[in-house]
Amino acid sequence: MFVVIDVSASRGLDLCVLDGRRHVSLLLKARDIETLEPILRQFPKTTTFAVDAPSVPSHGLLAGKEYRVAENELRKLGIALYFTPRTEEASPAWMREGFALYRLLDTMGFPVFGGGEAGSGLTVEVYPHLSYVSLSGTRRGSSSKLEWTRAALRGRVHGLPPAADQDALDAACAALTAWHFVKGRWVAYGDAAEGLIVAPYPKTELGRAEAAGADQLSLAFETTSAPRAMRAPAASTFADRVASLVSQIPPGRVATYGDVARWAGKPAGARAVGTVLKTRQFELPYHRVVDANGRPPPHPVDAATKLRAEGVGFDGSRVDLSANRWQGPR
């Protein structure tokens, strides 16, 4: 069962419950947390909760910047979102409501996800706008927000009332994100120390997602193809996740630095992947990680020779990524 709370200090809290078949079994609006609490306490321990609000204030992990690592990463990818202040007191009312909700869920036995293996019995931070872009592979473009979001959920969430408003749609999208999380089809942005934002594994690289016109909606949003199953390794640090992923690349296949960065939860961390590999080049199959154009890595010096010996096809001096690219852990 997947339960989501869409937080708004002025419009109340929207709750959506999604079952394992992605069917809406409950959709309601509560005035405040006090009103919602008795309902939340009725859900079993196997429930996965998701909250559309920051889980904690910024910890100031980025030098010279007040906002969180997750927000910085998503801004770089063209995803607009609110910045989270350094203190709860400086945060707007809806964020403070969200902080209180996370604390309540934690006391109920649903701690905030902090990296590692996905599963039920957790609470994840989500951002519906990010999930809409991830699921559809396109940005809103010229269509209205209501049109765009309804189209993104069509065929993916069942049983939504025809008159569902934007808050209800966002709650349903967040519930779908929780479903993807438990199914292993997810990616996380940010640093576990100050909150990870979870989203469905993106259909298109976020930085390359294009705006959709109204004439594209029926084609771009109604696809029923399931996102590739992507399960994050149990390792808790970025470097350990990179090492775990690279060690799984089979002979005869390659991955790009960008691929590894996305699977490790930091889509903008391609350079960081290279840094990690340089420090572990003697324990990992470094030669199987290439750049975005298919060029083999500088280390080891015989990387291309090793790849050819493993059966990897080349187009000149570059790996033919269309034929040899690994599709990631399953």
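The values are calculated or read from the model by the stated rules, or taken from the named source; none is laboratory data. None of the values given here were measured: they were computed from a predicted structure. All Cβ positions, even for glycine, are placed from backbone atoms using ideal geometry, and neighbour counts span all protein chains on display. Ligands, DNA and RNA are excluded from the accessible area calculation, which covers all protein heavy atoms including side chains. Shrake-Rupley method; radii C 1.70, N 1.55, O 1.52, S 1.80 Å.
Each listed q (0.17, 0.19, 0.22 Å⁻¹) maps to a log10 I(q)/I(0) for the range 20-99, found by the Debye formula over equal Cα scatterers with no solvent: -0.86, -0.96, -1.07. Each of Ala118, Pro128, Ser91 was scored by the projection of its Cα onto the charge dipole of the range 81-154, and the greatest displacement toward the positive side belongs to Pro128; charges sit on the C-beta of Lys, Arg, Asp and Glu.
Taking the Cα centre of the chain as reference, the dipole from Cβ charges on Lys and Arg (+1) and Asp and Glu (-1) amounts to some 960 debye. Scanning residues 5 or more positions from Ala118 or on other chains, those with amide H under 5 Å from its amide H are Ala232, with H placed 1.01 Å from N in the peptide plane. Springs join every pair of Cα atoms under 10 Å in this Gaussian network model of the chain, and among Arg262, Arg308, Arg185 the largest mean-square fluctuation is at Arg308. With contacts taken as Cα pairs under 8 Å and at least 6 residues apart, the chain reaches a relative contact order of 17 percent. Between the entries (1) 24; (2) 48; (3) 27, the label attached to percent of Cα pairs over 35 Å apart calculated for this structure is (1).
May I ask you to derive the relative contact order of the range 78-131, considering only C-alpha pairs under 8 Å and at least 6 residues apart, and to give it as an integer percent?
Once normalised by length, the contact order is 23 percent.
About its Cα centre, the dipole of the range 251-323 is roughly 220 debye, where the only charges are +1 on Lys and Arg Cβ and -1 on Asp and Glu Cβ.
Computed from Cα positions, the angle between helix 93-107 and the longest principal axis of the chain comes to roughly 80 degrees. Basic side chains Lys and Arg get +1 at the Cβ, acidic Asp and Glu get -1 at the Cβ, and with that the dipole of the range 49-127 about its Cα centre reaches some 220 debye. Per residue, the average separation of C-alpha pairs within less than 8 Å and at least 6 apart gives the range 16-94 a relative contact order of 19 percent.
The candidates Ile39, Ile79, arranged from most to least accessible area with a 1.4 Å probe in the full protein assembly, appear as Ile39, Ile79.
Taking amide H as placed 1.01 Å from N in the peptide plane, Arg86 has its amide H under 5 Å from the amide H of Ser58, each at least 5 places away in sequence or on another chain. For the chain, the 222 nm mean residue ellipticity estimated from helices alone, with every DSSP H stretch of n ≥ 4 adding -39500 (n - 2.57) and the total spread over all residues, rounds to -9500 deg cm²/dmol.
Here the extension length gained between Glu66 and Asp320 equals 87.2 nm, from 0.36 nm per residue of separation less the Cα-Cα distance.
Average accessible surface for the chain: 43 Å² per residue, computed with a 1.4 Å probe over protein heavy atoms with every protein chain in place. Phi angles across the range 279-294 convert, under the Karplus curve 6.51 cos²θ - 1.76 cosθ + 1.60 with θ = phi - 60°, into 3J(HN,Hα) values of 7, 10, 5, 8, 10, 10, x, 4, 5, 8, 10, 10, 7, 5, 9, x Hz, Gly and Pro given as x. Here the chain exposes an accessible surface that is 51 percent carbon and sulfur, computed with a 1.4 Å probe and the other protein chains kept in place.
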